[in-house]
Amino acid sequence: ENEKPKNFIYEIIDEDIRTNKWGGRVHTRFPPEPNGYLHIGHAKSICLNYGIARDYNGKFNLRFDDTNPEKEETEYVESIIEDVKWLGADFEDRIFYASDYFEQMYQYAVELIKKGKAYVCDLSAEEIRKTRGTLTEPGVESPYRNRTVEENLDLFERMRKGEFPTGSKTLRAKIDMASPNLNLRDPVMYRILHAEHHRQGNKWCIYPTYDWAHGLEDSIEGITHSICTLEFENHRPLYDWFLDELNIYHPQQIEFARLNLSYTVMSKRRLLQLVKDGYVDGWDDPRMPTISGLRRRGFTPESLWNFAELVGVAKRDAMTDIALLEFAIRDDLNKRANRAMAVLDPVKVVLVNYEGEEEVEAVNNPEDPSAGTRKIKFTKELYIDRADFMEDPPKGFRRLIPGGEVRLRYAYIIKCEEVIKDDNGNIIELRCTYDPDTKSGSGASNKKVKGTIHWVSAKYAAEAEVRLYDRLFTIEDPAAEKNWLDYINPVSLKVIENAYIEPSLKDSKPGEIFQFERQGYFCVDSKYSTPEKLVFNRTVTLKDSWAK
Ligand code: ATP
Ligand code: MG
Ligand code: MG
């Protein structure tokens, strides 16, 4: 018995196996609606559902819940397949489309009509809503509720044939307009919608609602545990009612708390608005909480799995701190990212007593000896980061100051002899001397300095663009605000057009990840990088920059 996470869903499944409820089978599914790109909340659901199938040697379906033609597109289907595969949730050939079950769903509806359990209603959507009642008041029965089975069968068939305009009729389940559960007050099963479906074309003009369709999809596929988010808890009695009335295979619906992440929004409706209104550069903008955005930002599948594990599976909604996601990626990249030197805000250093050039040896990854070492050219003219020099340093500043010494990583100790400024008083060059006895690893001198800084050779460095990202929103829970767009962080992206990177980075490929020493983890952007000029996205800083 391998070790499984202990959450309440695993406890339910363990018990089902003990009682042989499903004949020992475990079969889960991930059922996205193709009306947008997947986000980190979906990733959590994928990890949960696929993880269960994997841990119990069960099966996992990817199923498109494509019952809503107006909002769905093939582009979304394709992106979802790519994202689920990238996460490593292997659905093999088990990819399904709810719309492929439309005929069977229709036949099931006919069965319910024949049982006197469904009727065609001529009330508008608005009238249905108004007659539904409230938590304290029962609903009002539709005047069409007592149509005969024959009339209902005839009208329903004509609905399908396209005889009636969009929105003019519905098929409703005949349950109980006084039920304390509003979902059981004669819910709509079908609505008329003359719209083209991305997969079915114009074959259908009646479309099933989520409540009617979802249990049928699960039943048809032989799902054992239908895991969904908490807002469907109140819908479970309806899920059960449909399957019981049809007397067909009946999976168990289990609800868990959806993932909410601070400083971002997660509903597809809101994410779509950010894209459409140009607040971000597409669904895969590295600031987006989408799987494609996180991938472009430099997140690994492993980091998302670890994150899902850290968040756990709960029965009560909560807000997860985005710092936990940042922790998960930092932890993963620390192990796998090769180190490199890059200077984001360059100031030139000239070593007045150095001539010629030489190679120094640098460690690729101190966490992974198998990553080896590389050679870096050291030259008379270098760049260091502006922040590593201060003319009037505060107490405790350990880097370069006038007349002070600092070590250049993997190379020598240098001393600042002269500060050159332009007419406006901006520092344009630091004239320094190097101490030839202090080469790293040589052991020739026991001189010690407090600080070590990174650098690149002015002669050999390549220019690159570096993009620094910050949180997309300035407040923890923007979705709770009516004017949520007012809380977009106006400086969530800072573009540095001419950073310098060490020459070993020149041939890196889109998606490759590095730790720029002392600065953070960066990955080569897959959208804007060219062979002439790479673009790097900062995945995450080295430490939580929000800590004091
Ligand atoms: P959204 O509200 O973001 O539009 P949705 O629930 O409408 O999402 P679906 O495509 O229907 O999106 O979701 C597919 C599956 O992913 C569902 O089983 C749903 O419960 C799950 N899911 C969606 N959002 C989250 C979330 N934030 N946390 C966990 N699971 C989620
Ligand atoms: Mg949904
Ligand atoms: Mg939705």
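The values are calculated or read from the model by the stated rules, or taken from the named source; none is laboratory data. What you see is a predicted model; the values in this text were computed from it and never measured. For neighbour counting, all protein chains shown are included, and Cβ atoms are generated from backbone atoms with ideal geometry for every residue, glycine included.
For segment 504-544, which strands (runs of 3 or more DSSP E) that fit wholly inside it have 2 or more residues that are touching a residue at least 24 places away in the same chain (Cβ under 8 Å) and of a type in the set (S, T, N, Q)?
So the answer is 534-540.
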TODO: Could you tell me which of the residues R431, R409 is under 45 Å from the mean Cα position of the chain (by Cα) and in contact (Cβ under 8 Å) with a residue 12 or more places away in the chain?
DONE: R409
Task: Residues (within 13 Å of the chain's Cα centre (by Cα), within 16 Å of ligand 1 (Cβ to nearest atom) and buried (at least 17 other Cβ atoms within 10 Å of the Cβ)) located in segment 266-302 - done: M266, K268, L271, W283, M288, P289, T290, I291, S292, G293, L294
- [ ] Considering each of E358, E309 in turn, give the residue that is acidic (D, E) and farther than 26 Å from H42 by Cβ.
- [x] E358
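Touching a residue at least 40 places away in the same chain (Cβ under 8 Å), within 16 Å of ligand 3 (Cβ to nearest atom) and of a type in the set (V, I, T): is that true of V265 in this structure?
Here the answer is yes, as V265 does meet what is asked.
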- [ ] For segment 233-260, name all the residues that are surrounded by 20 or more Cβ atoms within 10 Å (Cβ to Cβ) and near ligand 1 (Cβ under 8 Å from one of its atoms).
- [x] F256, L259
TODO: Return the residue satisfying two criteria in turn: it lies in segment 425-479 and is among the small types (G, A, S) and surrounded by 16 or more Cβ atoms within 10 Å (Cβ to Cβ), and of such residues it is modelled with the lowest pLDDT.
DONE: S440
TODO: Return the only residue of F307, F299, F378 being in contact with a Ser or Thr (Cβ under 8 Å, 6 or more places away or on another chain) and either over 22 Å from F536 (Cα atoms) or polar (S, T, N, Q) (or both).
DONE: F378
Open item on the list: Please count how many residues of segment 39-58 are among the hydroxyl-bearing types (S, T, Y) and within 16 Å of the chain's Cα centre (by Cα).
Closed with: 1
- [ ] Mind checking which helices (runs of 4 or more DSSP H) fall wholly inside segment 184-301 and carry at least 2 residues that are more than 16 Å from ligand 2 (Cβ to nearest atom), farther than 29 Å from K21 by Cβ and modelled with pLDDT of 95 or more?
- [x] 268-276, 291-297
Open item on the list: Test of understanding: among F30, F60, which residue is within 14 Å of ligand 2 (Cβ to nearest atom), hydrophobic (A, V, I, L, M, F, W, C) and either out of contact with any Leu (no Cβ under 7 Å at 6 or more places or on another chain) or not assigned by TED's automatic domain parsing to the domain that holds P301 (or both)?
Closed with: F30
TODO: Exactly one condition in (1) away from ligand 2 (no atom under 16 Å from the Cβ); (2) small (G, A, S); (3) crowded, with 19+ Cβ neighbours inside 10 Å is not met by G24; state its number.
DONE: (3)
TODO: Sort out which residues of segment 318-347 are of a type in the set (D, E, K, R), within 24 Å of M288 (Cβ to Cβ) and touching a helix residue (DSSP H, G or I) at 6+ places or on another chain (Cβ under 6 Å), and write them in order of number.
DONE: D332
Open item on the list: Conditions first: (1) surrounded by fewer than 20 Cβ atoms within 10 Å (Cβ to Cβ); (2) at pLDDT 95 or above. K315 passes all but one, so which condition is the exception?
Closed with: (2)
Task: Neighbours by Cβ (under 8 Å, 6+ apart or cross-chain): first from segment 56-81, free of Cβ contacts under 8 Å to residues at least 24 places away in the same chain; second away from ligand 2 (no atom under 16 Å from the Cβ) - done: I81/I95
Task: Number of positions in segment 153-183 that are touching a residue at least 40 places away in the same chain (Cβ under 8 Å), in a helix (DSSP H, G or I) and over 37 Å from the mean Cα position of the chain (by Cα) - done: 4
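Hey, could you check segment 372-403 for residues that are touching a strand residue (DSSP E or B) at 6+ places or on another chain (Cβ under 6 Å) and not in a strand (DSSP E or B) and say which is farthest from L333 (Cα to Cα)?
P402
Each row is one residue, and each column tells you yes or no for (1) in contact with a Lys or Arg (Cβ under 8 Å, 6 or more places away or on another chain); (2) closer than 17 Å to I46 by Cα.
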{"position": "S292", "(1), (2)": "no, yes"}
{"position": "V313", "(1), (2)": "no, yes"}
{"position": "M319", "(1), (2)": "no, no"}
{"position": "I322", "(1), (2)": "yes, no"}
{"position": "D331", "(1), (2)": "no, no"}
{"position": "K335", "(1), (2)": "no, no"}
{"position": "N338", "(1), (2)": "no, no"}
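Going residue by residue through segment 492-502, is there one that turns out to be in contact (Cβ under 8 Å) with a residue 60 or more places away in the chain, outside any strand (DSSP E or B) and buried (at least 18 other Cβ atoms within 10 Å of the Cβ)?
Yes, because at least one residue in segment 492-502 is in contact (Cβ under 8 Å) with a residue 60 or more places away in the chain, outside any strand (DSSP E or B) and buried (at least 18 other Cβ atoms within 10 Å of the Cβ).
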Open item on the list: Whether any residue in segment 66-88 is in the same structural domain as W212 (by TED's automatic domain parsing), touching a helix residue (DSSP H, G or I) at 6+ places or on another chain (Cβ under 8 Å), surrounded by fewer than 18 Cβ atoms within 10 Å (Cβ to Cβ) and more than 30 Å from P301 (Cβ to Cβ) is what I want to check.
Closed with: no
